[in-house]
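Trainee: Quick one: the structure is below, and I'll ask about it shortly.
Only the coordinates and a few stated rules stand behind these numbers; no lab work does. Quick caveat: nothing in here was measured; it's all calculated off a predicted structure. As a convention, Cβ positions derive from the backbone with ideal geometry for all residues, glycine included, and neighbour counts pool all protein chains shown.
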Amino acid sequence: MQSWGLEMRKPAATYEIPLPRFVWLFLPILLLLYAHFAKMTGLIWETQRYREYGLIENATLLFLAIAVVYAVRIAVNAERPVQRAWFWVLAAGAFYFLGEEASWGQHIFSWHTPDALSALNEQKETNLHNLAGGYRLLFHNLPRQVMSFASILGGFVVPLYLLKSGKTFTPDSLHHWIWPSYACGVAGLMATLASQPVKIAHSLRLRIPDVFLIDYGEFKECLLALFILLYLMGAARYFLPQRQAVEAEEAEETVSFAE
């Protein structure tokens, strides 16, 4: 059997891989417009149970569920131990994010939160990120800040620098496959910046129309989930064709050997 020949099978790095424009550009914008539209019109299913059953919350769950599938599939097909380890970590992280957002099934099956957990949980739910006190810092604030930083740095700053500078990495290097596609930048930027105008207005004690007072926390989580999904979509376009090429090569060698 021939060697992997990575340089022949992976001509483009992950940050150069394009993604469908609707998913990376129009979808984040549509989600933001819908959140404002729901606030403006007072859609009953949003105003009554937005946090658990609204479109933004359910979109978050959908993005994360698909992301878990992508991460597992890539981890199974990746060749190198460091690649497998990285995508198994992402699969576990996306699964944890998904479980926490759904309160580990409570939003679906509506079970009663145990009294001991309910006493500590600010929303009386079966999850960790709504625990009060120092637990909230550990399970909510820290992961969100890390994800926000990663989405800006990895999804926008680094890929844009690499594309503008023309800098390239050898196909065998870590940098060639670990950075997100540049298309992740819109979701990453919007997740971090969408609420900034309202925060600035609050700091200046300006009156803010109700239509702009959406739940930016839920919206940010939705876009961070979309960022994870877009990252894994780009990674799938990088890794899975490579695996298919290897399987095709192995099949050809098997046929040649049989002949």
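Trainee: Say whether the condition of being under 20 Å from Gly188 (Cβ atoms) and polar (S, T, N, Q) is met by at least one residue in segment 70-89.
Mentor: No.
Trainee: May I ask you to say which residue of Leu120, Leu128 is surrounded by 18 or more Cβ atoms within 10 Å (Cβ to Cβ) and either hydrophobic (A, V, I, L, M, F, W, C) or out of contact with any strand residue (DSSP E or B) (no Cβ under 8 Å at 6 or more places or on another chain) (or both)?
Mentor: Numbers: Leu120 fails: surrounded by 18 or more Cβ atoms within 10 Å (Cβ to Cβ).
Checking each option against the conditions leaves just Leu128.
Trainee: Residue under question is Ile108, and the condition is that it be among the β-branched types (Val, Ile, Thr), free of Cβ contacts under 8 Å to residues at least 60 places away in the same chain, touching a Gly at 6+ places or on another chain (Cβ under 7 Å) and surrounded by fewer than 19 Cβ atoms within 10 Å (Cβ to Cβ); does it hold?
Mentor: Working: among the β-branched types (Val, Ile, Thr): yes; free of Cβ contacts under 8 Å to residues at least 60 places away in the same chain: yes; touching a Gly at 6+ places or on another chain (Cβ under 7 Å): no; surrounded by fewer than 19 Cβ atoms within 10 Å (Cβ to Cβ): yes.
No: the conditions fail for Ile108.
Trainee: So, Ala132, is that one aliphatic (A, V, I, L, M) and under 16 Å from the mean Cα position of the chain (by Cα) or not? Quick ask: steps written out before the conclusion?
Mentor: Details: aliphatic (A, V, I, L, M): yes; under 16 Å from the mean Cα position of the chain (by Cα): no.
So Ala132 does not fit the description; no.
Trainee: OK, next. With respect to Gly134, determine if the residue is crowded, with 19+ Cβ neighbours inside 10 Å and among the small types (Gly, Ala, Ser).
Mentor: No, not satisfied.
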